[in-house]
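S.K.: Have a look at this one.
The values are calculated or read from the model by the stated rules, or taken from the named source; none is laboratory data. Keep in mind that what you see is a predicted model, and the values were worked out from it rather than measured. Neighbour counts run over all protein chains shown; Cβ positions are idealised from the backbone, glycine included.
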Amino acid sequence: MRNIQFFSCTISIYPNLLKPPISSKEVPPIELIEKEILDKRDFRITHRNKSIKVLFRDLEIDDKTLQGGKIAVHKSKFITDDDGKHLEEVQIDDYPNILFLWSQKRQIIYIQTNIKYKIGIDIGAFSKILENIFTKLLRGYYSVNVKIMPLKGRFWEIIKESEKIYNIEFNLISPNIAGRTDKEVRAYLTEQKERYNVTNISETLENKDGNLKINEEDEILNAKVRTTEQTGGIWKIKNNHGTQKSSDRYTKTSVEGASNFFAQSILDKIIFEEENEL
C-alpha cells in the first residue's frame, strides 16, 4: 500500500453569449467534455509555443461515467543503443503520465501532486493545458476555467499572525454552471457577470498605513474567502511580512491505495472527506 496525493481542480464553465448554447438542457457541458474525452482520448495543443500531445489512457468507467485514469504527455528522447559493435543515438517515444480522478457531478478533476516530477509540467501550467483542451471540446459555445483549489483556513491564519495589513485583494470566479459560489456573494457576482459578461471579478481593500480592520465575524468577507477556497479563485494579503497569496499553497488530498489504479474507491473516499469538511 502507498499514499497518493491529489490536487483538487475546479472546472468552471461559462456560456458564450455570442453563440446559442448547444443542447444545454439535454446534455450539460461537463458531460459533453467527458464524452469527447472518452471518444477521442488524444489531443494536440500548443503549450509555451510548442505543440504537445496529451493522451487520456487506462480510463475507468462506471455506469457509463468516467471515474479516472491516466493522463500522459508524449515526449521524444534519445537513448544510446548498443548493437554489439557500435553505440548509436536512437530517438524513441516516451509517455510520462500521472493519475487523475474525474467527478462529473462536482465538476472537479483531481490531479496527482507529483506532476512536475512525473511529466515535467507544474500544476499551474497543466491546469491551463486542461482549460485549452476542454474549451476546444465545447467548440466555442462555452469557455472553461480550470483552477487549483487553495489550502483551506490559511487566509485567517495569516490575518491572525499579521501586525500590519496594508491590503487584501480577491480575484473571484463568477458564478457558473458548477454552482460553488457562496450564497452571500452570489447575487452581487451574478449581477456583475450579467452586466459586463465577466468571468472573474477583482476587489481590493486597502489602507496605506497598514491599519486595515479585518473582522473574522464579517459574513461577506467570510463568504469571499469560502468562495475562493471552493472555486479556485485567488486572494492576496500584503502585511508586515510581505505579500502572501492563496496560490502559494494548494489543497492536497492524501489517499492510501494500492499500486494498481482504483479510481472509484479513491474518488468515493476523497468526496466523503471533502464533504465532511464543509
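S.K.: Any chance the range 124-146 includes a residue that's in a loop (DSSP other than H, G, I, E, B) and under 17 Å from the mean Cα position of the chain (by Cα)? Spell out how you get there, then give the answer.
M.R.: To start, the set of residues in the range 124-146 that are in a loop (DSSP other than H, G, I, E, B) comprises 138-141.
Checking which are under 17 Å from the mean Cα position of the chain (by Cα) leaves us with none.
Looking for residues that are in a loop (DSSP other than H, G, I, E, B) and under 17 Å from the mean Cα position of the chain (by Cα), one finds none in the range 124-146, hence no.
S.K.: Looking at (1) in contact with a Leu (Cβ under 6 Å, 6 or more places away or on another chain); (2) at pLDDT below 95, which is the one condition that is false for Leu59?
M.R.: With (1) in contact with a Leu (Cβ under 6 Å, 6 or more places away or on another chain); (2) at pLDDT below 95 applied to Leu59, the lone miss is (1).
So that you can scan it fast, the table gives a plain yes or no per residue for (1) more than 22 Å from Ile266 (Cα to Cα); (2) modelled with pLDDT under 95; (3) in contact with a strand residue (DSSP E or B) (Cβ under 7 Å, 6 or more places away or on another chain):
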position	(1), (2), (3)
Leu55	no, no, yes
Leu66	no, yes, yes
Ile71	no, no, yes
Asp93	yes, yes, yes
Leu99	no, yes, yes
Ser103	no, yes, no
Ser127	no, no, yes
Phe134	yes, no, yes
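S.K.: Which of the strands (runs of 3 or more DSSP E) found entirely inside the range 201-278 contain at least 2 residues meeting this: at pLDDT below 85 and surrounded by fewer than 17 Cβ atoms within 10 Å (Cβ to Cβ)? If you could, list the steps in order and put the result at the bottom.
M.R.: Details: elements: 234-239, 242-245, 252-257.
Filter on the range 201-278 gives 252-257.
S.K.: How many of the residues making up the range 150-186 are modelled with pLDDT of 70 or more and part of a helix (DSSP H, G or I)?
M.R.: Total satisfying the criteria: 8.
S.K.: What's the number of the only condition in (1) in contact with a Pro (Cβ under 8 Å, 6 or more places away or on another chain); (2) modelled with pLDDT of 90 or more; (3) farther than 20 Å from Asp42 by Cβ that Tyr142 fails to meet?
M.R.: (2)
S.K.: When you go through Glu89, Glu131 one by one, which is the residue that is of a type in the set (D, E, K, R), in the same structural domain as Ile11 (by TED's automatic domain parsing) and within 27 Å of Val255 (Cβ to Cβ)?
M.R.: Glu131
S.K.: Within the range 105-127, track down each residue that is surrounded by 16 or more Cβ atoms within 10 Å (Cβ to Cβ) and not hydrophobic (A, V, I, L, M, F, W, C).
M.R.: Correct list: Arg106, Gln107, Tyr110, Gln112, Thr113, Lys118, Ser127.
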